[in-house]
Amino acid sequence: MGSSATPSTAASAPGRRKVALYLALLTLQYGAQPLISKRFVRQEVIVTTLVLSIEVAKVICAVILLVAEGSLKKQFNNWSITRSLTASGLPAAIYALQNSLLQISYKNLDSLTFSILNQTKLLFTAFFTYLILGYVLVIPPIYILQCIDDAHDLMKQKQSPKQIFALTLLIAAAVLLSIGESSSKGSGGGNSDYILLYGIIPVTVASVLSGLASSLCQWASQVKKHTSYMMTIEMSFIGSMCLLASTSQSPDGEAIRKHGFFHEWTLLTVVPVLMNAVGGILVGLVTTYAGGGFVIVSALLVTALLQFIFDGKPPSLYCLIALPLVMTSIFIYQKYPYVDRKKKD
């Protein structure tokens, strides 16, 4: 039943020019997003309203693309609620929380520092992929049903020694930036605790959650044979339901009831919402057809350049040291994957 999706995926794979376009657009979106979110979203905007709006925009974008492909009817004919919940339920709830944490961090961290710290999700993705695809029993029981045979082949994934070294470089860069950001803010204005609580900790926890959710999505795409667009629709819908349920008790829910959904929104607030939504679609396409290493490295340079152009702020000494560490780490991690010598022979 699951294998029927494979030929269609191969048949619908885009050409090189289209993949290059996806890579270029995602690089620009990824590099500009922290700066645009910080400039266009007021501090008083309710975080939950931003995340909900992004999820709704993602669903609209994914449906439009399915209609353009002519595969909307086929996808929904093959859809089932049980399959949807087992594939997308848990990652959707995780991504909803992660997006809320990112919106908090956007407002309180330097754009380049945010982008570099956000790359620690590579470390956590590797860790959780090893746990989930290496030891299937750590997945909750509902996720094990109907997939033991397919998961058997995925249990052999490993990290090469060079990849482990690359992840070590990434940890060193993250620690360096965290210490540097806190100390510089503390000496400049005495608000190091605020930066730590509302900048560094949220983006770090978001990276952990991103790694977990990405691994679950990878499992769903490989084992459950879920397409990128359908996973986007399912996760956005389920994530929105989780956020709406949380508003009954959360401070954000109280603020929405008191001030209204679009409290402190402006027309410019729509720009980062739409960018984030389109970026979510592009991530799925790039992950499926290319790979994210080039995008991540290029996006960090775009962030540094835009921050200097629009804010007139050159990278700090800590960023200048951490940036090449992160770029080297990502290059090594993508370039030297684990190779099973027995299979090679």
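The values are calculated or read from the model by the stated rules, or taken from the named source; none is laboratory data. These figures come from a predicted structure and were not determined experimentally. FYI the Cβ positions are ideal-geometry reconstructions off the backbone, even for glycines, and counts take in every protein chain you see. For accessibility, only protein heavy atoms count, side chains too; no ligands or nucleic acids. Shrake-Rupley method; radii C 1.70, N 1.55, O 1.52, S 1.80 Å.
The table below lists the values:
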item	result
Candidate residues 124, 114, 308: accessible-area rank, largest first, probe 1.4 Å	308, 124, 114
The stretch 224-283 and the stretch 27-90: distance between their alpha carbon centers, rounded to Å	8
Area of residue 254 that stays accessible when all protein chains are in place (1.4 Å probe, Å², to 10)	110
Calculated FRET efficiency for the pair residue 339/residue 270, C-beta based, R₀ 51 Å, to 0.05	0.65
Exposure of residue 262 as accessible area (Å², to 10), given a probe of 1.4 Å and all protein chains	130
Within the accessible area of the stretch 32-117 (1.4 Å probe), percent carbon and sulfur	65
FRET efficiency estimate (nearest 0.05) - Cβ-Cβ, residue 19 to residue 60, R0 22 angstrom	0.40
Spread of Cα-to-Cα distances over 5 Å intervals beginning at zero, given as percent, for the stretch 79-120	5, 19, 20, 16, 12, 10, 9, 6, 2
Accessible-area order (highest first, 1.4 angstrom probe) of the listed residues 121, 74	74, 121
Residue 310 accessible area, 1.4 Å probe, all protein chains in place, Å² to nearest 10	120
